[in-house]
Amino acid sequence: MTWRSFFFLSALLAIGWPTFLFANGVASSNGNRFDKTSDRSAKADDRPNIVVILVDDMGFSDLGCYGGEIDTPHIDRLASNGLRYTQSYNCGRCCPTRASLLTGLYPHETGMGFMAGQDAGRPGYRGDLNRQCITVAEALRQAGYATYMAGKWHICADFQPGGSKDNWPRQRGFDRFFGTLLGVGSYWDPLSLTEGNTPIKPQGDFYYTEATTDKVVEYLRGNPAGKPFFCYVSYTAPHFPLHAREEVIEKYRGRFSQGWDKIREERRKRLVDEGIIRPEWKLSARDDRVPAWEDVDNKEWRQSRMEAYAATLDHVDQGVGKIVKTLKDLGQLDNTLLLFLSDNGGEAMEHFDGMIESTGQPWVVVRYVPMFTRQGEPVVAGDIPGIKPGPETTYAGCGAAWANASNSPFRRFKTMVHEGGISTPLIVHWPKSIHEKGTLRHQPVHVIDFMPTFLELAKADYPKTYENQALRPPAGVSIAPTFENRELHDRPLFWEHYGNRAVRDGKWKLVAVQDGPWELYDLDADRTETRDVSKQHPEIVARLSVLYDNWARRTEVLPWEEVKIPWIAPESNPQIRSTSEIEAYLDQLESRGIEAPFVKTWRETHPRPTK
């Protein structure tokens, strides 16, 4: 498979041994019972409700409470009444993070070492959640919790209505589900929208972020009295396309007129002032692919990309406010553990002039990009100067320059495992048990830690088997001690995605880009990774590389050159549109006088068919 083909396939679907074990994890003969809850029905259940709110492609410094300019008052209020973590990690991309968050394992242990639906035929890279893992929903449901999910799933290989539903949310532990199975799509008309196990179409004045919030409110209001619940709220925002209501976008007109360079500097300063980062950590250099703001043209259009991005997060914040109000109205807020985080850092992907850069194909060749709105208007997809993102007739992203600002002060982006790709805000709010309000936590934590944390608080054990399948033990540790600012046991943390790889052990981080050499950083002195000290400390490089290699062997991680993602020919790929579909779409654009740069590019390689 050529790199060109591989990148095309990636665009189509853009859409470790543990240090923590539960001491009494004895399951019944069928592996489904959690014995600590066997007598719970006989007494009042005081275990906390658990709500996880995950956003998509949000950078480290986008939130107001993490140094950003975007209006996030409801999220900020959670932070001011709870905890903010300064060294919280995800897995660097959508599918791997979701798999780890829901299972407590590293992504490859679940089969999700790369992307959903992309099967390399190797255990760590099947693109489908395997049965050697149990989800938080499966575990908590067995422990007596109601389980709800709304939003983006993105950890199953098959999303077709007639295909296998084995790894859809309802089959992986959720009592109720509303959302999308794929990882990307229009906010106005998302592909793969599903309720339970039934594909549905959006109705009326539909906007996906609002619909996700409304469904969560419905679930919470319908929860049986006295029954604890786990609710997983997985917003697609602010992942491209940058769709938002115009009145929300208007709030942000002109807010980013300083440009990305100045904004990166100001965010770093606010993070230092808040104590989230150390003053000695320098601002990382502007990314190589990003020009200086003072050198670019089309500044108004470039600002509009960040204005629309901010609006998508504003919609999320409004949703968080509604969820919190619902919990308060129901008398449940005090004993609800609520966590807010992002699945990876900012996304640097560009589709200038509407093209998939690596393939020379228009973005609309893939079905998750709609050709028409529900009202029949053509969608002009791509990052096209002069076309401001936001309306349903657009399909655009914020691009590398603004993602570089979103990830300030860190380096690199989503899919990479430098700090800009894997660092996330983490807000933890639990009024009943967290008594230090508005404080910071500096202990390194990871999404693999959520499963053991939730089971500890639910007074449940992690089983050795589930539905007669042996399970891998959890890779993380409970972070409950950090709620009281106690330290966690020292343990290394690991990453691999797309050949990018890293290990962090204490203050030392070893990291590399695909087939590049190892770089070594002292994160105590330089968390922004500006000074590679690998040559000064070869013995540390050697020690950490052995740790990484041993972890990789245990967890089904392969060298990237050995991962063979199969190429699916367009004529047999249900996610690729046919030439005749593209031609009909282009005819519509031309008949309406809509000029799109990709039309000319398409015609250069696809002459108009003779009739």
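Brief remarks follow.
- Of all lysines in the structure, those lying under 26 Å Cα to Cα from Lys328, and not within fewer than 8 positions of it along the same chain, are Lys43, Lys152, Lys215, Lys227, Lys432, Lys437, Lys459.
- Taking 20 Å as the cut-off, the amide N atoms of the stretch 296-335 that come nearer than this to a point 7 Å along the Cα-to-beta-carbon line of Glu247 belong to 307-323.
- For Val55, the residues whose amide H sits under 5 Å from its own are Leu341, Ser342, Asp343, ignoring neighbours fewer than 5 places away on the same chain, with H placed 1.01 Å from N.
- Note on the chain: antiparallel DSSP beta bridges, both residues inside, total approximately 55 percent of the bridges counted.
- Computed from the C-beta positions of Thr198 and Lys227, the FRET efficiency with R₀ = 22 Å rounds to 0.35.
- Most to least packed among 103-111, 195-203 [average Cβ atoms within 10 Å]: 103-111, 195-203
- By the rule of a C-alpha distance below 15 Å, with chain neighbours fewer than 8 residues away ignored, the aspartates and glutamates paired with Lys165 are Asp128, Asp175, Glu195.
- The Cα atoms of the stretch 352-475 give a gyration tensor whose axes a ≥ b ≥ c have a/c of 1.5 or more with a/b greater than b/c, which makes the shape prolate.
- Under 26 Å from the Cα of Lys299 - lysines, other chains or at least 8 residues apart: Lys251, Lys262, Lys269, Lys388, Lys414, Lys600
- Candidate values (i) 29.8; (ii) 24.6; (iii) 30.4, label of the one derived for Kirkwood radius over Cα pairs in Å: (ii)
- Among 77-84, 89-96, 481-488, sorting by the average number of other beta carbon atoms lying within 10 angstrom of each residue, highest first, gives 89-96, 77-84, 481-488.
- Rg followed by Dmax, in Å, when the stretch 279-346 is reduced to its Cα trace: 18.9, 54
- Mean-position separation - Cα centroids, the stretch 282-357 and the stretch 132-166, in angstrom: 26
- Protection proxy ranking, peptides 271-277, 445-451, average beta carbon neighbours within 10 Å, highest first: 445-451, 271-277
- Label-to-label distance for Glu484 and Thr373 is 5.6 nm, based on points extended 7 Å past Cα in the beta-carbon direction.
- Pairwise centroid distance, computed over Cα atoms, of the stretch 413-449 with the stretch 206-250, Å: 21
- Inter-label distance for Phe206 and Asn335, nm, one decimal - labels placed 7 Å from Cα along Cα-to-Cβ: 3.8
- A simple spin-label model places pseudo-atoms 7 Å from Cα toward Cβ; at Glu265 and Glu583 they are separated by 5.5 nm.
Read-outs throughout are calculated quantities, based only on the coordinates presented, and are distinct from any laboratory measurement. Remember, it's a predicted structure, so these values are computed and weren't measured experimentally. Cβ atoms come from the backbone with ideal geometry, glycine included; neighbour counts cover every protein chain shown.
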